[in-house]
């Protein structure tokens, strides 16, 4: 995990090794990001996951607060389930007198991982989303396509409340195909400014 710092500034030197209990392996490790429990608990729950990305994507957040489920509307987002699950932090920490919206402990991380289940993406009410993949490339490409899908669904719903989403046959075909994340990965990587 990177030490507590802005994600855009992280370099190799900022990476801190943590155990699955989310504690740094080195006793002199720098302060870590508080929401590392999202990552640790998903890794504990899912053997197939090799990368976890948590974003505060402004295209996705409205779906977590408007009561409108995020659905797969684009071919490239065919990895999404028919309705992307929503993690409601209030359900996970309802007994707490003082509670925030961040996933800052094992209990909340575990609740999020359970709600994620076998899905590739989970929305977090008023907070963002968490996207998983079998590799960094797959999780990154899924994160980008979740963003694009959310933008497309929002734009379509501005035109009409009745939208067409991928049906079960299309989703099953997409899931059965070997989606190669390398092609979009190379495309988006090429767009990065020099030195990134």
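The table that follows gives values for the structure above.
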read-out	value
Filter result (assigned to a loop (DSSP other than H, G, I, E, B) and surrounded by 17 or more Cβ atoms within 10 Å (Cβ to Cβ)) within segment 1-11	1
Count - residues of segment 88-100 that are within 18 Å of residue 33 (Cβ to Cβ) and under 16 Å from the mean Cα position of the chain (by Cα)	1
Test: residue in segment 19-26 that is touching a helix residue (DSSP H, G or I) at 6+ places or on another chain (Cβ under 9 Å) and either within 30 Å of residue 157 (Cβ to Cβ) or buried (at least 18 other Cβ atoms within 10 Å of the Cβ) (or both)	yes
Test: residue in segment 75-86 that is farther than 25 Å from residue 3 by Cα, at pLDDT 95 or above, within 12 Å of the chain's Cα centre (by Cα) and not in a loop (DSSP other than H, G, I, E, B)	yes
Wholly enclosed helices (runs of 4 or more DSSP H) of segment 100-196 bearing at least 2 residues touching a helix residue (DSSP H, G or I) at 6+ places or on another chain (Cβ under 9 Å) and either without any contact (Cβ under 8 Å) to a residue 60 or more places away in the chain or surrounded by fewer than 13 Cβ atoms within 10 Å (Cβ to Cβ) (or both)	106-116, 136-159, 182-190
Condition met for residue 30 (part of a loop (DSSP other than H, G, I, E, B), out of contact with any strand residue (DSSP E or B) (no Cβ under 6 Å at 6 or more places or on another chain) and either farther than 25 Å from residue 105 by Cα or at pLDDT 90 or above (or both))	no
Considering residues of segment 50-74 that are outside any loop (DSSP other than H, G, I, E, B) and within 15 Å of residue 132 (Cα to Cα) only, the residue farthest from the chain's Cα centre (by Cα)	51
Residue that is farthest from residue 137 (Cα to Cα) [pool: residues in segment 58-72 that are surrounded by 20 or more Cβ atoms within 10 Å (Cβ to Cβ) and either in contact with a helix residue (DSSP H, G or I) (Cβ under 9 Å, 6 or more places away or on another chain) or free of Cβ contacts under 8 Å to residues at least 40 places away in the same chain (or both)]	63
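Table: residues versus (1) farther than 25 Å from residue 36 by Cβ; (2) out of contact with any strand residue (DSSP E or B) (no Cβ under 7 Å at 6 or more places or on another chain).
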| residue | (1), (2) |
| --- | --- |
| 103 | no, yes |
| 115 | no, no |
| 122 | no, no |
| 139 | no, no |
| 157 | yes, yes |
| 168 | yes, yes |
| 186 | yes, yes |
| 189 | yes, yes |
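Results for (1) without any contact (Cβ under 8 Å) to a residue 12 or more places away in the chain; (2) not in a loop (DSSP other than H, G, I, E, B), shown as yes or no for each residue.
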{"site": "13", "(1), (2)": "yes, yes"}
{"site": "21", "(1), (2)": "no, no"}
{"site": "34", "(1), (2)": "no, no"}
{"site": "40", "(1), (2)": "no, yes"}
{"site": "43", "(1), (2)": "no, yes"}
{"site": "48", "(1), (2)": "no, no"}
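The values are calculated or read from the model by the stated rules, or taken from the named source; none is laboratory data. Being a predicted model, the structure only gives us computed values, none of them experimental. Here Cβ is always computed from backbone atoms with ideal geometry, including for glycine, and neighbour counts include all displayed protein chains.
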